[in-house]
1. In the chain, carbon and sulfur make up what percent of the accessible area (probe 1.4 Å)?
2. I want to check the label-to-label distance for residue 44 and residue 64. Put each point 7 Å from Cα in the C-beta direction and report it in nm to one decimal.
3. Using the reciprocal of the averaged 1/r over all distinct C-alpha pairs, how large is the Kirkwood radius of the chain in Å?
4. Please enumerate, by chain and number, the lysines with C-alpha under 19 Å from the C-alpha of residue 119, excluding those fewer than 8 residues away in the same chain.
5. Given the protein chains as shown and a 1.4 Å probe, how many square angstrom of residue 42 are accessible, to the nearest 10?
6. Please give the helix 118-143 orientation as an angle from the longest Cα principal axis of the chain, in degrees from 0 to 90, rounded to the nearest 10.
7. Counting Lys and Arg as +1 and Asp and Glu as -1, what is the net charge of the other residues whose Cβ lies under 12 Å from the Cβ of residue 19?
8. Tell me, what HN-Hα J-couplings in whole Hz come from the Karplus equation 6.51 cos²θ - 1.76 cosθ + 1.60 at θ = phi - 60° for each residue of region 103-109, using x for Gly and Pro?
Amino acid sequence: MRTDLLRRVPIFATLDDTEFKNLEPIFRIRAYQRNQVIFLEEEAGTYMYIVLAGKVKVTKSTPAGKETILAIHKQGDFFGEMSLLDGKSAPATVSAMEDCKIAAIGASDFQRHLMTNDKVVRQIITVLCARLRHVWAQIQSLSYSTAEARI
């Protein structure tokens with residue numbers, strides 16, 4: 001079941017069976033309970049995570065303690081890669097919205113196995129571009145002067 005779930009993750013969709021089998025040992029499967037924090041904002045990033053089952057939320061908190069949801073990741077989505085790519089701390093907190101099964105890939109395995117595979121790198125870039133386009137659209141809609149135009 002572990003292989004089947006991971007095989008369906010979009011960033012691995014272009015890999016042939018041999019390429020995927022070579023990656024299998026790098027995945028560490030973890031379970032998280034609803035509301036459990038996976039990592040906190042400003043923590044040093046040491047893993048990339050892939051949602052195999054369940055949903056997680058990416059949040060930022062204001063100084064007053066108000067939580068804003070920036071993104072929700074579901075089965076097949078990945079997160080945590082930004083810290084592994086740029087070496088900076090996590091920009092937000094990620095926690096389980098419901099019971100989750102998550103595959104974690106350590107930083108050294110990420111660099112050694114994923115970033116050296118052209119097919120995986122292309123898929124990661126495609127997802128990151130889609131996320132950026134989504135944020136640009138949000139910024140554009142928020143920049144409209146009236147509430148009616150923003151909706």
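The values are calculated or read from the model by the stated rules, or taken from the named source; none is laboratory data. Since the structure is predicted, the reported quantities are computational estimates derived from the model, not experimental observations. Positions of Cβ are backbone-derived with ideal geometry, glycine not excepted, and every protein chain shown enters the neighbour counts. Surface accessibility is based on the protein's heavy atoms, side chains included, excluding ligands, DNA and RNA. Shrake-Rupley method; radii C 1.70, N 1.55, O 1.52, S 1.80 Å.
1. Numbers: 5010 of 9100 Å².
Percent of accessible area from carbon and sulfur atoms in the chain: 55.
2. Taking the simple label geometry, residue 44 and residue 64 are separated by 3.5 nm.
3. Kirkwood hydrodynamic radius for the chain: 16.5 Å.
4. Answer for residue 119, where 19 Å is the Cα cut-off: 21, listed by chain and number.
5. It works out to around 120 Å².
6. Relative to the chain, helix 118-143 is tipped by roughly 10 degrees.
7. -1
8. 9, 10, 10, x, 4, 5, 5
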